[in-house]
Amino acid sequence: MKAIVFYQHGGPEVLQAAELPTPHPGPGEVQVRVHACAMNHLDLWVRRGIPSLRLEMPHIPGSDVAGVVTEVGPEVSGVQVGDRVVVNATLSCGECEFCLRGEDNRCRRGAILGEHVRGGYAEYVVVPARNVLKLPEGFPYEEAAAASLVFLTAWHMLITRGGLRPGEDVLIVGAGGGVNTAALQIAKLAGARVVVVASNPEKAERVRALGADHIIDRSQEPDWSRAVWQWTGKRGVDVVVDNVGQATWMKSIRCLRPGGRLLVVGATSGPNPEDFDIRYVFSRQISILGSTMGTRDDFRTVMGLVFAGRLRPVIDRVLPFTEEGVREGHRLLEGGAVFGKIVFRMDEGR
Ligand code: ZN
């Protein structure tokens, strides 16, 4: 099968087209012919190399897959050849203490498709049958792939971990990322009031269209932390979503009300905030809640809302699934001038 792989870590140029053996499903697994695969920041980290992550080379990145079931392994029920599906990238053992509790994103032997194991930049991918969810008739593959990882991540972070309630004030730091555009919509759907910090007027406009109640353009208002503080009448927000990390961490903490929650699923600017003052954490009784991916229950719930049109994935652009198309996607996401998701579309007409 055709795949886009890398043999060594590095820049976008290490991504290359390759011919690899087509994988076939074992017990409990299905083979999916990939029609669309969306990009995540995770793809960039994996390509550059994560110190603790040892990969079987060549590695196939890609966590966000939608396509058609083309082969079903033994001991699979409820999934059939020809089913149009979206894949939940959270792989779990189904047997450990956490899986049995329904906390499968904490699985002791857990993995993420495309990060720890070969993923979706390929014609075919094999996944556990319990990781696929059927698409409604006519639901586009691009939208399903674009929604999958970020809506799961944002839902688990805000609702399951963060316990967001109607009427709460939420600050989202950064406007253009896939998780943030998902988080904004979920927070609005949950009845929260949402303020977003955007990096430029263009992104500010896009965020307004998605329903943000208040937008701070940091190109005009560099001291955005103070602006948030003023917006809340010097009370502070209930919840901050900060996946920027190092560059914004302390400013985000200063925006919280006493007893507020800081939610974190990533750190795109780096992991080590030098100005982190622990005294804020205890004196303001702040909770820092880390979150990764989501449970199967979260996946079913949030994708149901996507299928119903209550939540809509934001797609920046669709690129062809070619060596050049994939490299271009990586360059664009790395450059930061992206609003929403980049999706790779496999051959037309399939
Ligand atoms: Zn497990």
- Note on the structure: Sorted list, accessible surface of protein heavy atoms, 1.4 Å probe, largest first, for SER63, SER77, SER283 is SER77, SER283, SER63
- Item | Accessible solvent surface per residue of the chain, calculated while the other protein chains remain in place, 1.4 angstrom probe, Å² | 42
- Note on the structure: Whole-percent tail of the Cα-Cα distance distribution for the range 194-350, cut at 27 Å, equals 37
- Task: Using only Cα atoms, find the angle between the long axis of helix 141-155 and the longest principal axis of the chain, and express it within 0 to 90 degrees, rounded to the nearest 10.
- Result: 40
- By how many nm would the segment from ASP213 to HIS9 lengthen if fully extended, with 0.36 nm per residue of separation less the alpha-carbon distance? 69.3 nm
- Could you order GLU137, GLU75, GLU29 by accessible surface area, starting with the largest, using a probe radius of 1.4 Å? GLU137, GLU75, GLU29
- Note on the structure: Once normalised by the length of the chain, the mean sequence separation of its alpha carbon contacts under 8 Å that are 6 or more apart gives a contact order in percent of 18
- Query: Of VAL237, THR301, VAL265, which is farthest on the positive side of the dipole of the range 234-305, counting Cα position, with +1 on Lys and Arg Cβ, -1 on Asp and Glu Cβ, and the Cα centre as origin?
  - Reply: VAL237
- Any idea what the alpha-carbon Rg over 2.2 N^0.38 Å comes to for the range 27-75? 1.42
- Message: Helix 323-335 against the longest principal axis of the chain: what's the angle in degrees, Cα atoms only, rounded to the nearest 10?
- Response: 10
- Message: With a 10 Å cut-off between alpha carbons and a GNM built on the chain, which of PRO27, PRO12, PRO140 moves the most?
- Response: PRO27
- Length-normalised contact order for the range 1-103 - Cα pairs under 8 Å, 6+ apart - percent: 28
- Which Rg and Dmax, in Å, describe the Cα atoms of the range 77-144? 13.2, 38
- Note on the structure: Quick calc, the range 184-252, dipole around Cα centre from Cβ unit charges on Lys, Arg (+) and Asp, Glu (-), nearest 20 debye, gives 140
- Based on a Kirkwood Rh over C-alpha pairs, give the Stokes-Einstein translational diffusion coefficient of the range 1-100 at 10 °C and viscosity 1.306 mPa s in µm²/s. 103
- Computed label-point distance, nm, for sites THR322 and ARG108 using a 7 Å Cα→Cβ extension: 4.9
- Wrap a convex hull around the Cα atoms of the range 246-325, take a quarter of its surface area, and give that in square nanometres. 8.7
- Query: Rg (Å, one decimal) plus Dmax (Å, integer) for the alpha carbons of the range 151-214?
  - Reply: 10.8, 32
- Can you sort TYR7, TYR141 by 1.4 Å-probe accessible area, starting with the largest? TYR7, TYR141
- Message: Which order do the peptides 164-172, 310-318, 238-246 come out in when sorted by mean C-beta neighbours inside 10 angstrom, highest first?
- Response: 238-246, 164-172, 310-318
- In whole Å, what are the Cα extents of the chain along the three principal axes, biggest one first? 59, 42, 39
- Sort largest first and round to whole Å: the equivalent ellipsoid semi-axes of the range 290-332, each the square root of five times a Cα gyration tensor eigenvalue. 28, 15, 9
- Query: Where the convex hull is taken over the Cα atoms of the range 164-287, what is its projected area averaged over directions, in nm²?
  - Reply: 6.8
- Message: If I take R0 = 41 Å and measure r between the Cβ atoms of VAL81 and LEU189 in this structure, what FRET efficiency does the formula 1/(1 + (r/R0)^6) give, to the nearest 0.05?
- Response: 0.70
- Query: Using 0.36 nm per residue, how much length does the chain from ILE278 to ASP347 gain when fully extended, once their Cα-Cα distance is taken away?
  - Reply: 19.7 nm
- Query: Roughly to the nearest percent, how much of the accessible area of the chain is carbon and sulfur, given a 1.4 Å probe?
  - Reply: 49
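The values are calculated or read from the model by the stated rules, or taken from the named source; none is laboratory data. Note that the structure is predicted; figures quoted are calculated from it, not measured. Methodologically, a virtual Cβ is constructed for each residue, glycine included, from the backbone with ideal geometry; neighbour enumeration extends over all protein chains shown. SASA here: full protein model, heavy atoms, side chains in, ligands and nucleic acids out. Shrake-Rupley method; radii C 1.70, N 1.55, O 1.52, S 1.80 Å.
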